Amino acid sequence: MVLVAAGFTGRYAGMKLIKKVSPLVLAISAMAFAGNIYAATNIKIGIPQPMTGPATQYGDQIQAGALTAIEAINAAGGVKGQKLEPLLIDDGCEPKQAVPAANRVINSGAKFAVAHACSGTTIPAVNVYEQEGIVAITPGATSPLVTDTIKPHYFFRTIGRDDQQGPYAATYIAEKLKPKKVAILHDKQTYGSGVATQVRDSLAKQNINTALYEGINVGDSDYSAVITKLKSLNPDLIYFGGYHAELGLLLRQAREQGLATQFMGPEGVANKDLFAIAGSAIADLLVTLPSDFTKLPGNEKVLENFKKSKRSPDGAFTLTAYAAVQILADSITAVGTDPAKVAEYMHANPFNTAIGKVEYDAKGDLKEFEFAVFKWDKAGNTVQLSN
């Protein structure tokens, strides 16, 4: 490139030019070349998550977990001497941004990803990762459609599915709450309607009557009509499938309008902004979440790493993201950076992680995942009731 830029041609032109290059220039060139070699040896990990929009806090949790794990692994020497290099990408928790975000992972040169938080975003992105041979793990997408619509080889989870969470919630409802009449609301979206359906169907198997199953509109500011309907039905429990923004308004407006019925929801509502929206109306809310893995024996070093990074290990998806990085690192250590070999290794081997022992089935779903029920108080604090 130097020769062409300088206008030199011919067999001996390069020799004449080299004589004119100063030692300083040669040293700088050598350093740049060495830097490029070093950069090329980094193992890139794409982290496409919501960095803008109402689901940002779920992305924050996943970034906290993934970045803390990456920093800890790099501080310990990396993976077979190579550093892990995180690439943060915003998907906005928007299905229309899913494919562009996945393509940004691919165009970066990354062969691995700690992928999307939201099910609606994950579903269209899975095809991209499968077609391009990118090993991706979602720490947050729970919809069965993520892995049921195709037969994935490269895509995995470190979170349980809705058809694990829904039956778990239904069993808790039937055995602990014992309601005679249940109302189920959902936000009409992939995740919310999916988990709500799982709860409804699982309750039916346990002879619990669902008196209302109805969708609400995301983004509405007034839920008076559905609250009036709920008051007339007088259910013993209201289950909501969706995210925190809608549930926060439902809770606040329900209490303001004199509806004191117990509410329950899935992990997607468990966001600190829920308290900001609902205020003291959050009191007694029940939520199914991943078990509190910070209490897991053997996680002392993991918690030390979060303390060093000045990040919190709390959050539904923080330690599931940490575990995703651990699994990728362990697999690369075992078989190298060929994504096909990494995927094969992941399907065939168990892993000890921040969320406990992980084993995958043929779809890349977890054979087991530990959910728990948590209860909120009026100040926004939670306590685990079951595991």
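The values are calculated or read from the model by the stated rules, or taken from the named source; none is laboratory data. Quick caveat, the model's predicted, so the values are computed rather than measured. Note: ideal-geometry Cβ built from the backbone for every residue, glycine included; neighbour counts use all protein chains shown.
Listed by position, the helices (runs of 4 or more DSSP H) inside region 273-387 whose residues that are among the polar types (S, T, N, Q) and surrounded by 14 or more Cβ atoms within 10 Å (Cβ to Cβ) number at least 3 are 318-335.
When I173 is tested against (1) crowded, with 22+ Cβ neighbours inside 10 Å; (2) within 30 Å of Y322 (Cα to Cα), just one condition goes unmet, and that condition is (2). Remark: Y168 falls outside the filter, which requires a residue to be aromatic (F, W, Y), over 22 Å from K375 (Cα atoms) and outside any loop (DSSP other than H, G, I, E, B). Here L145 clears all of (1) out of contact with any strand residue (DSSP E or B) (no Cβ under 6 Å at 6 or more places or on another chain); (2) of a type outside the set (D, E, K, R); (3) surrounded by fewer than 18 Cβ atoms within 10 Å (Cβ to Cβ) except the condition numbered (3).
Per-residue answers, yes or no, for (1) in the same structural domain as E175 (by TED's automatic domain parsing); (2) at pLDDT 95 or above:
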| residue | (1), (2) |
| --- | --- |
| L237 | yes, yes |
| Y243 | yes, no |
| P266 | yes, no |
| I277 | yes, no |
| G298 | no, no |
| V302 | no, yes |
| F306 | no, yes |
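Residue-level analysis places A270 outside the set of residues that are in contact with a Lys or Arg (Cβ under 9 Å, 6 or more places away or on another chain) and more than 21 Å from A113 (Cα to Cα).
Scoring Q206 on the criteria (1) under 16 Å from P179 (Cα atoms); (2) modelled with pLDDT of 95 or more; (3) in contact with a Ser or Thr (Cβ under 8 Å, 6 or more places away or on another chain) leaves a single failure, condition (2).
The residues of region 248-263 that are buried (at least 24 other Cβ atoms within 10 Å of the Cβ) and not in a helix (DSSP H, G or I) amount to a single one, F263. Assigned by TED's automatic domain parsing to the domain that holds T333, part of a helix (DSSP H, G or I) and over 18 Å from the mean Cα position of the chain (by Cα): is that true of Q131 in this structure? Taking the combined requirement at face value, the residue satisfies it.
When residues in region 136-164 are screened for being closer than 16 Å to L88 by Cα and not in a loop (DSSP other than H, G, I, E, B), 3 of them pass.
In region 50-67, is there at least one residue being surrounded by 24 or more Cβ atoms within 10 Å (Cβ to Cβ), modelled with pLDDT of 95 or more and in a strand (DSSP E or B)? Checked region 50-67: no residue is surrounded by 24 or more Cβ atoms within 10 Å (Cβ to Cβ), modelled with pLDDT of 95 or more and in a strand (DSSP E or B). Close contacts from region 108-125, counting a first residue that is over 8 Å from G46 (Cα atoms) and a second that is aromatic (F, W, Y) and part of a loop (DSSP other than H, G, I, E, B), with Cβ to Cβ under 7 Å and a gap of 6+ residues or different chains, come to A117/F317. When the test is whether a residue is among the acidic types (D, E), in contact (Cβ under 8 Å) with a residue 12 or more places away in the chain and either part of a strand (DSSP E or B) or out of contact with any Gly (no Cβ under 7 Å at 6 or more places or on another chain) (or both), E175 does not pass it.
A single member of G120, G92 is surrounded by fewer than 24 Cβ atoms within 10 Å (Cβ to Cβ) and at positive phi, and it is G92. Suppose the filter is surrounded by 24 or more Cβ atoms within 10 Å (Cβ to Cβ), in a helix (DSSP H, G or I) and on the phi < 0 side of the Ramachandran plot; does A125 pass it? Taking the combined requirement at face value, the residue satisfies it.
Here T68 clears all of (1) in contact with a helix residue (DSSP H, G or I) (Cβ under 8 Å, 6 or more places away or on another chain); (2) closer than 19 Å to F156 by Cα; (3) touching a residue at least 40 places away in the same chain (Cβ under 8 Å); (4) not basic (K, R) except the condition numbered (2).
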